[in-house]
1. Considering only residues that are within 23 Å of M173 (Cβ to Cβ) and among the charged types (D, E, K, R), which ones fall in the range 66-102?
2. Name the pairs: first residue in the range 242-253 and closer than 13 Å to V303 by Cα and open to solvent by 10 Å² or more (accessible area, probe 1.4 Å), second residue part of a loop (DSSP other than H, G, I, E, B) and of a type in the set (G, A, S), Cβ to Cβ under 7 Å, at least 6 apart or on different chains?
3. For the range 294-325, how many residues are hydrophobic (A, V, I, L, M, F, W, C), modelled with pLDDT of 80 or more and not in a helix (DSSP H, G or I)?
4. When A216 is evaluated against the numbered criteria (1) part of a helix (DSSP H, G or I); (2) modelled with pLDDT of 80 or more, which criterion, by number, is the only one it fails?
5. Report, by residue number, each residue of the range 124-170 that is charged (D, E, K, R), touching a residue at least 12 places away in the same chain (Cβ under 8 Å) and either closer than 30 Å to L45 by Cα or open to solvent by 70 Å² or more (accessible area, probe 1.4 Å) (or both).
6. Going through R227, R266, R260 one at a time, which residue ends up being open to solvent by 10 Å² or more (accessible area, probe 1.4 Å), within 17 Å of N75 (Cβ to Cβ) and out of contact with any Gly (no Cβ under 7 Å at 6 or more places or on another chain)?
7. Identify, by number, the condition in (1) buried (at least 22 other Cβ atoms within 10 Å of the Cβ); (2) more than 30 Å from G152 (Cα to Cα); (3) at pLDDT below 90 that T291 doesn't meet.
8. With the structure loaded, tell me whether G54 is closer than 24 Å to L292 by Cβ, at pLDDT below 90 and open to solvent by less than 10 Å² (accessible area, probe 1.4 Å) or whether it fails that test.
Amino acid sequence: MQKNHFLGKLSGLLILSLTLVLLGTLLGSTGVGWNALGPDQVIMLDIRLPRSLGAYLAGALLGLAGGIAQSLFRNPLADPYLLGSASGALLGVASILCFAYLGNSWLELIGLNGGAFFGAMLGVIASLLLAGGYRSSLRLLLSGVVISVILGAANSLFTFIRPDLFQSIQSFMLGNTTLLNWPGVELMAGALVVCLLVTLLISPTLDALSLGENTARTLGLPLDQLRLVLIGVLALATGCAVAQTGLIAFVGLAAPHLVRTLSGGRQRIQLLFSCLGGGILLLSSDLLARTLFAPLEIPVGIVTAVLGGLYLLTLLRRSAFGARP
């Protein structure tokens, strides 16, 4: 019976996902395209379809990373950017934009996407070094905050030195799905498969951590090593998503909450549903961003911030009323 409930919920999320991808292929700021074999072929198959799939995959990566972060740190307000990956990615983009004019061939080879990815990895590694390792979740969390502040100051310095780059950096901060293409889709799909498989294999660690760190250690699990693997998965998923779409707010934070009631408290199902929920949330926001004020498109990060913020406020209000005697 329980298995049937799980399959029913999983099927519902997958059907909703496929429906949104189909809508994303048909709808756009220029109107509705129906003929994939006629004049609409280029728009539908080379622009809208990779954009829709890319937005879904980026949201799935952020949703998975958010679910890992909230379970790993046992904090419902944790998000994928808490270890300095967001500030690091922004610093990577700012560095490429600021120094590319010097004619460095290796900077041109890396590109903005590569700069964002390596910057996100740099932020996570710096947080690990500052925390003295990965054994203390609290120290790692605080280190991520410190690194974010330091890298944020470096980003401010870049915009001070090159004020002409402010608009480009601001575009990256607000999130952008308009430049997604098939190579980006393939990259994120590969990263999602790897991250999801590894996470589901070691998800019993998160079940053990939910009982408390001391209790988890008594179960004989290699807790420290598995925690490092989870941090690596979190960093990889966040870095790949951010490199392709920029800093999209609230998806990694809100997606695990949206599906929490569907998982029944089981970490493996919670992480799988967080992945699907993140994809649904970001693709839905992208559809709104491109059609709400068509033909004008608004940054998708604004839509996710509004939707995610309203949802979390509703959740907070419901919890506050529920806590009253």
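1. D79
2. L247/G175
3. From the range 294-325, those hydrophobic (A, V, I, L, M, F, W, C) are 294, 296, 298, 300, 302-303, 305-307, 310, 312-313, 315-316, 320-321, 323; that's our starting set.
Filter once more, keeping what is modelled with pLDDT of 80 or more: 296, 298, 300, 302-303, 305-307, 310, 313.
The next check asks that each one be not in a helix (DSSP H, G or I); those that pass are 296, 298.
Residues meeting the conditions: 2.
4. Checking A216 against (1) part of a helix (DSSP H, G or I); (2) modelled with pLDDT of 80 or more, the one that fails is (2).
5. R135, the sole residue that qualifies.
6. Only one candidate qualifies: R260.
7. Against the list (1) buried (at least 22 other Cβ atoms within 10 Å of the Cβ); (2) more than 30 Å from G152 (Cα to Cα); (3) at pLDDT below 90, T291 comes up short only on (1).
8. Numbers: closer than 24 Å to L292 by Cβ: yes; at pLDDT below 90: no; open to solvent by less than 10 Å² (accessible area, probe 1.4 Å): yes.
Considered against the rule, which asks whether it is closer than 24 Å to L292 by Cβ, at pLDDT below 90 and open to solvent by less than 10 Å² (accessible area, probe 1.4 Å), G54 comes out as no.
The values are calculated or read from the model by the stated rules, or taken from the named source; none is laboratory data. Keep in mind the model is a prediction, meaning the values are calculated, not measured. Because the Cβ atoms are built from the backbone with ideal geometry, glycine has one as well, and the counts that use them run over all protein chains shown. These accessible areas exclude ligands, DNA and RNA; they are computed on the full protein's heavy atoms, side chains included. Shrake-Rupley method; radii C 1.70, N 1.55, O 1.52, S 1.80 Å.
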